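Q: Sharing a structure below in structure tokens format, with a few things to ask.
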Amino acid sequence: MNSHCVGESDGLTFCLARPEDYDDVMAISQDIYGGNDYLPHRYHSWMTEPGRVVIIARRDGKLVALESGLVVDGGETVIVEGLRVCPNERGRGLAGVIQKFVDGYIKKVYPNVKTKRLTRGDDPGPEKLRKFTLLARRAILSLLGNSEDFNSFVSGLKEKLDPSDGSNSSRPLVPIKDFDALKALLLDSDLSSRLQLPGGAIIQDWEPLKLMESNLHILAKRNLTWFVDGSCAKPLFMSLHTPPYPIPFNGGSLRFNIDLYGTDTSLAKKALIAHLDSAKSEIQGIVVVHIYMHKAIWEDLKQFCVGHDTVKQFYWDYWEQLLLEREL
């Protein structure tokens with residue numbers, strides 16, 4: 001075996017992924033997530049990310065599968081993501097084989113890891129769910145439009161804001177740019193219950209991170225934009241967005257993820273406007289916006305976004321992000 005290869009099983013050779021494997025990985029990634037695949041953009045940064053393991057599987061020299069794990073929570077949890085199998089191998093149990101190998105490899109290299117955590121955008125059904133603890137379900141609203149149309153879309157949203165809409169409509173949303181201020185906010189012991197955080201975690205671009213200091217340093221490296229209910233020392237709402245990044249959809253588009261935390265509809269509307277406003281200089285061409293939120297505010301936010309000529313709801317009418325966990 002080559003020095004970067006770390007094991008063999010079931011006729012497969014497992015290796016640590018390298019930058020030069022990129023084209024082979026892209027070759028098995030056609031139509032992943034309906035063109036919303038983050039891996040073409042993230043792959044090279046994954047190669048150097050601290051605590052990140054990326055495993056590829058080859059059969060007779062051909063790359064057939066990939067899975068990645070990021071060790072978080074001070075070394076006690078691995079977030080698994082990126083799983084993919086080449087089209088002609090799907091449905092043959094290969095996903096389970098690479099998952100089992102990656103679990104064992106993570107446990108060997110990071111012996112303090114006790115928990116495996118993941119998110120997924122489909123409901124795998126009761127049989128598969130029995131293997132995990134379902135920590136949370138979040139609602140997702142997806143929008144699609146051209147960048148030049150988002151200015152008028154946001155202007156229309158601002159016109160729809162009703163000053164009498166809810167008791168918290170006068171609360172200001174303020175940006176958080178200072179790490180110490182963010183740290184004080186996120187390490188507040190009752191933030192999770194106050195904002196009804198999913199599984200007590202922040203989920204950023206599908207990666208669930210518990211509220212602990214070691215994870216804040218992970219978040220601090222990601223150039224995120226944060227807004228918070230600024231009316232008091234105990235905020236009722238918080239939101240963040242990940243910088244827009246390219247995806248394969250429709251021959252080349254941008255993906256823009258916005259995460260909303262809290263259940264106040266009027267603050268959610270303000271937050272959506274604030275994030276779209278703050279990112280307008282970063283978007284061009286076709287833009288897919290995914291907005292993740294508590295289920296209680298999805299319908300109101302959906303109705304809030306209806307009515308524009310060209311920025312429309314995209315993907316399924318209603319879909320969910322599931323947060324799952326089990327012992328490793």
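Q: Arrange the following residues from fewest to most other Cβ atoms within 10 Å of their Cβ: Val306, Val53, Val78.
A: Ascending number of Cβ neighbours within 10 Å: Val306, Val53, Val78.
Q: In what sequence do Leu143, Leu118 fall when counting other Cβ within 10 Å, fewest first?
A: Leu118, Leu143
Q: Over the stretch 5-113, what is the mean sequence separation of C-alpha contacts under 8 Å (at least six apart), divided by residue count, expressed as relative contact order in percent? Write down the numbers at each step before the final one.
A: Details: 151 pairs, mean separation 25.0, N = 109.
Result for the stretch 5-113 is 23 percent.
Q: With just the Cα atoms of the stretch 168-212, tell me how far they stretch along each of the three principal axes, in Å, largest first.
A: Reported extents, whole Å, longest axis first: 30, 23, 23.
Q: Ser189 versus Lys158, label points 7 Å from Cα toward the beta carbon: distance in nm?
A: The answer from the label model is 4.2 nm.
Q: Beta carbons within 10 angstrom, averaged per residue: use that to sort the peptides 177-190, 56-69, highest first. Don't skip to the answer; put the middle values down first.
A: Details: 177-190: 12.8, 56-69: 19.8.
Highest to lowest by the protection proxy: 56-69, 177-190.
Q: Continuing with the same structure: How large is the Kirkwood hydrodynamic radius of the chain, in angstrom, based on all distinct alpha carbon pairs?
A: 21.0 Å
Q: Could I ask something else about it? Towards the positive end of the charge dipole of the chain, with charges on Cβ (+1 Lys, Arg; -1 Asp, Glu), say which of Ser281, Pro172, Asn88 has the farthest Cα.
A: My answer, from the dipole projection, is Asn88.
Q: Reachable lysines from Lys114, Cα under 23 Å, same-chain residues fewer than 8 places away excluded?
A: Lys100, Lys128, Lys131, Lys210
Q: Ok, one more. Normalised by the empirical 2.2 N^0.38 Å for globular proteins, what value does the Cα Rg of the stretch 204-278 take? It would help to have the intermediate numbers written out before the result.
A: On the way: Rg = 13.9 Å, N = 75, 2.2 N^0.38 = 11.3 Å.
That works out to 1.22 for the stretch 204-278.
Q: Using Cα pairs closer than 8 Å and at least 6 residues apart in sequence, work out the relative contact order for the chain, in percent.
A: 23 percent
Q: What size of dipole, in debye to the nearest 20, comes out for the stretch 254-309 about its Cα centre when the only charges are +1 on Lys and Arg C-beta atoms and -1 on Asp and Glu C-beta atoms?
A: Working: 6 positive and 7 negative charges, 11 e Å.
Computed charge dipole of the stretch 254-309: roughly 60 debye.
Q: Give me Asp264, Asp162 sorted ascending by neighbouring Cβ count inside 10 Å, so fewest comes first.
A: Asp162, Asp264
Q: Using a Cα-Cα cut-off of under 16 Å, which lysines could be cross-linked to Lys270, ignoring same-chain neighbours fewer than 8 residues away?
A: Lys158, Lys160, Lys280, Lys302
Q: Given a cut-off of under 8 Å on Cα pairs at least six residues apart, what relative contact order in percent is computed for the stretch 164-268?
A: Computed value for the stretch 164-268: 31 percent relative contact order.
Taken together, the values in this text are just the output of simple stated rules run on the coordinates, not laboratory data. Source: prediction; values computed, not measured. FYI the Cβ positions are ideal-geometry reconstructions off the backbone, even for glycines, and counts take in every protein chain you see.
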